[in-house]
1. Based on what the data block shows, is V190 more than 16 Å from ligand 2 (Cβ to nearest atom), in a strand (DSSP E or B), open to solvent by less than 90 Å² (accessible area, probe 1.4 Å) and at pLDDT 90 or above?
2. What is the number of the single condition among (1) more than 22 Å from the chain's Cα centre (by Cα); (2) surrounded by fewer than 21 Cβ atoms within 10 Å (Cβ to Cβ); (3) aliphatic (A, V, I, L, M) that L144 does not meet?
3. Residues T153, T238, T211: which one is β-branched (V, I, T), in contact (Cβ under 8 Å) with a residue 40 or more places away in the chain and more than 19 Å from V84 (Cβ to Cβ)?
4. Would a scan of region 172-182 turn up a residue that is within 16 Å of L82 (Cβ to Cβ), hydrophobic (A, V, I, L, M, F, W, C) and free of Cβ contacts under 8 Å to residues at least 40 places away in the same chain?
5. What number of residues within region 61-77 are open to solvent by 30 Å² or more (accessible area, probe 1.4 Å) and over 12 Å from V17 (Cβ atoms)?
6. Filter region 71-86 for residues that are within 9 Å of ligand 1 (Cβ to nearest atom) and part of a helix (DSSP H, G or I); which is farthest from V172 (Cα to Cα)?
7. Could we say that I157 is within 21 Å of D105 (Cα to Cα), open to solvent by less than 40 Å² (accessible area, probe 1.4 Å) and either within 12 Å of the chain's Cα centre (by Cα) or modelled with pLDDT of 85 or more (or both) here?
8. Which numbered condition in (1) closer than 30 Å to D53 by Cα; (2) away from ligand 2 (no atom under 16 Å from the Cβ) is the only one that R169 fails?
Amino acid sequence: MDKIVKSGVDVSVIAPVYNEVQSLPEFYRRIKQVLEELGLSWELLLVDDGSTDGSTELIRQLAREDRRVRPLIFARNFGHQLAVTAGLDHCRGCAAIIIDSDLQDPPEVMTDLIAKWREGYEIVYAVRAEREGESWFKLFTASLFYRLIYRITDVKIPLDTGDFRLLDRQVVNVLRRMRERHRFLRGMSVWVGFRQTGVQYRRAARFAGRTKYPLRKMIKFASDAITSFSYLPLQLATYLGFAAAGLSILAIPVVIILRQSGMQAFLGQATTLIAVLFLGGVQLISLGILGEYVGRLYDEAKGRPLYILREETDQSEPDPT
Ligand code: UDP
Ligand code: MG
């Protein structure tokens, strides 16, 4: 228990909430049960990410009944990664646990995370050994995503690991200083270093409702992840350029020899047209990739706040940092 200091609380649980009114009461009950069995002092930060289904009112009610529940209510939907960021900014625990509020991350796994933390690890991530109740499409795209990210980025983000993890206060403080807008928290929390380890768990099916991550959001999330941690897409243009230039240089002597030997090589408009269209396509794609990076730069340059809170927890005191 040497990690736990007198001020603040032992553990802050951070849960992003976007239209989870059906799951919330059960979620709260199970979080409370697990932490009470462990005998730790705790707080639960429920970050309402612009819900429209009554989750907001339910969060307020939970906070009235139990002062350990701290609501953070967003002015609109800012997305899951920013909801978690707001939680990290406002938490007061010696450790923070990020967990989904749809009960796909079983609260009972927190016991294992905390056990590893007590062993001295500063980051304990939960690895999805099995996933229940997900479509084959989600499983396939997720698996592809984790493997692609692993290959093309410099930080070795563990495979099949989501945001469900425990972060020591030291790590939280570092993350709080990283104010990038398009964030990929699981990459950022690997990038910071410290002693890290994983525990396996079975990812459950959703308790109620449907996923809030449609394909469109998944693609945006994946491109945020890639652009935040890799220059490879930008370098692809260079590689393709060299390949095309090399090929055309090789083609010059081939054409000269064929012509001199009396053959009518590479005649006709089709050949030219195909070459022009191919290169035009490659150039447009490269421009688009460049645009992705420039757009993100522009967003960073504007320096707007990452999220806007409409209501903040009433008991907010200065953070222990
Ligand atoms: N979520 C959020 N804002 C969003 C989308 C999702 O706060 O714009 C929350 C959601 O309430 C849940 C967690 O993020 O607690 C994970 O979302 P979801 O379960 O829909 O994703 P999946 O598990 O299907 O990948
Ligand atoms: Mg989920």
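The values are calculated or read from the model by the stated rules, or taken from the named source; none is laboratory data. All values derive from a computational prediction rather than experimental measurement. Note that each Cβ is placed from the backbone with ideal geometry, even for glycine, and that neighbours are counted across all protein chains shown. Quick note on the areas: whole protein, heavy atoms, side chains included, nothing else; ligands and nucleic acids left out. Shrake-Rupley method; radii C 1.70, N 1.55, O 1.52, S 1.80 Å.
1. no
2. Looking at each condition in turn, L144 falls short on (1).
3. Sole residue among the options that is β-branched (V, I, T), in contact (Cβ under 8 Å) with a residue 40 or more places away in the chain and more than 19 Å from V84 (Cβ to Cβ): T153.
4. Within region 172-182 (the criterion being within 16 Å of L82 (Cβ to Cβ), hydrophobic (A, V, I, L, M, F, W, C) and free of Cβ contacts under 8 Å to residues at least 40 places away in the same chain), the answer is yes, since at least one residue qualifies.
5. So the count comes out to 7.
6. H80
7. Spelling it out, I157 is indeed within 21 Å of D105 (Cα to Cα), open to solvent by less than 40 Å² (accessible area, probe 1.4 Å) and either within 12 Å of the chain's Cα centre (by Cα) or modelled with pLDDT of 85 or more (or both).
8. If we test R169 against (1) closer than 30 Å to D53 by Cα; (2) away from ligand 2 (no atom under 16 Å from the Cβ), just (1) comes out false.
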